[in-house]
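Below is one structure; the comments refer to it alone.
FYI, it's all coordinate maths here, none of it is from the lab. Remember, it's a predicted structure, so these values are computed and weren't measured experimentally. Here the Cβ positions follow ideal geometry from the backbone for every residue, glycine too, while neighbour counts run over all protein chains shown.
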Amino acid sequence: MANGRGGTGGRPEAHGEKDGAGAGRAVPTGGRTRWGVVAAILALPVLLVAGLLVLIGVWVLGEDGEADGTRLRNVDCAEALAFGGAEVPADVRDARCTVQSWLDTNYQADFRMPRAGVGAWLKDAYPAAPAPGGPGTESCGHGSDYCFRLDVTGRPGTQAYYVNVTVTYENAETARVRYSAFTT
């Protein structure tokens, strides 16, 4: 203690030095380390990603759906059929049309029309559709009389990729048409 600093030879002693090993180096005894800074830097992207996930969740579960929690909405049938490149046929009744969209879009139409007009309407809307009873109509189910699935990708006037049409003749005068136009 010749110089009043608690050491000999004018040099302060570092805590934890033994027998002169490591002379002249200070040994940290606490305080901030680099790990605290690294942890803070790494926490920032994690917090940003978590915040983004919360925002996406709020958007997905937001007001865009119906009261029952689905993303199914009622729409005008002209909109539903136009998505697949068709027009509403004449004398339609009991029409109900919906759209469901999130990653893909799916328009559905369910209506009745005069049985005599079904063939002309479909031929006008989809000339490339298979003929009733022809190849591509074998898998009609649920008591339907005619059905087809048609790839309409790139067809002018349509935004859909595929169109499904199912026709059931209810009696000699009425046909029920179930139509869907969708992207995949």
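Computed values, structure above
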quantity: Val58-Thr184 FRET efficiency (beta carbon distance; Förster radius 22 Å; 0.05 resolution); calculated: 0.25
quantity: Arg73/Ala116 FRET efficiency (R0 35 Å; Cβ-Cβ; nearest 0.05); calculated: 0.60
quantity: 12 Å beta-carbon shell around Glu87, net charge (K/R +1, D/E -1); calculated: -2
quantity: Separation of the Ser139 and Leu42 label points, Cα + 7 Å toward Cβ, nm; calculated: 5.1 nm
quantity: Net lengthening on full extension, Trp102/Ala131 (0.36 nm per residue, minus Cα-Cα); calculated: 7.1 nm
